[in-house]
1. Taking segment 68-90, which residues are in contact (Cβ under 8 Å) with a residue 12 or more places away in the chain and farther than 11 Å from residue 22 by Cα?
2. Inside segment 4-54, can you point out the residues that are free of Cβ contacts under 8 Å to residues at least 40 places away in the same chain, near the ligand (Cβ under 9 Å from one of its atoms) and not in a helix (DSSP H, G or I)?
3. Given (1) closer than 19 Å to residue 111 by Cβ; (2) over 11 Å from the mean Cα position of the chain (by Cα); (3) buried (at least 18 other Cβ atoms within 10 Å of the Cβ), identify the lone condition not met by residue 45.
4. Of everything in segment 68-111, what is crowded, with 16+ Cβ neighbours inside 10 Å and of a type in the set (D, E, K, R)? Give them in sequence order.
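Each value in this text was obtained by applying a stated rule to the coordinates, not by laboratory testing. Predicted model only: the values in this text are computed from it and were never measured. Counting neighbours? That spans all protein chains shown, and the Cβs are built from the backbone with ideal geometry, glycine included.
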Amino acid sequence: TLFEQLGGEAAVTAVTAQFYANIQADATVSNFFNGINMADQTNKTASFLCAALGGPKAWGGRNLKEVHANMGVTNAQFTTVIGHLRSALTSAGVAADLVEQTVAVAETVRGDVVTA
Ligand code: HEM
C-alpha cells in the first residue's frame with residue numbers, strides 16, 4: 001500500500017506536521033486555521049490520510065464534507081494547500097512518483113473541502 005511505501009504512521013504523521021507548518025507559513029491560507037489546535041489537527045489529518053493511503057485503521061472522525069462546509073474554501077486555495085503537501089513529501093525525501101500518488105489520494109477530498 002502507499003501507506004507502507006511511505007513508511008507507515010510515523011512517517012505520515014511527520015509529513016502531515018510539515019504540511020501544516022507550510023500552510024501556517026502561507027498567509028493566503030493560514031487564516032483558516034486561526035484558533036485551531038494544530039497538534040490535534042495534525043493527528044486527525046494524519047489518521048485520515050493513513051486510512052486513505054491503505055493503512056490498517058479506519059478513519060473514525062467526522063465526515064469531511066460536513067467539517068469543511070461553510071469555510072468558503074476555493075479551488076485555488078485547495079490547489080495551494082495541495083502544493084504544501086507536495087513540498088512536505090518532497091522535503092521528507094519521498095520519491096517523485098510516490099509523491100504524486102500520495103497527492104492524488106489527497107485530491108480525492110477536493111469535492112468535500114471546496115465550497116466556493
Ligand atoms: C478539519 C481547513 C483541506 C482533512 C479542518 C479544520 C479546518 C480545516 C479549519 C478544523 C475544523 C474544526 O475543528 O472546527 C481546511 C482547509 C483546507 C483543508 C482550509 C484546504 C484549503 C483538507 C485536506 C484534508 C483535510 C486536503 C485531508 C487530506 C481534515 C480533517 C479534519 C479537518 C481530517 C478533522 C476532522 C475531524 O474533526 O474529525 N480542516 N482543510 N482537510 N480537515 Fe481540513
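1. Let us first name the residues in segment 68-90 that are in contact (Cβ under 8 Å) with a residue 12 or more places away in the chain, namely 68-75, 77-78, 80-82, 84-89.
Result: 68, 69, 70, 71, 72, 73, 74, 75, 77, 78, 89.
2. 34, 35, 36, 37
3. (2)
4. The one that is crowded, with 16+ Cβ neighbours inside 10 Å and of a type in the set (D, E, K, R): 86.
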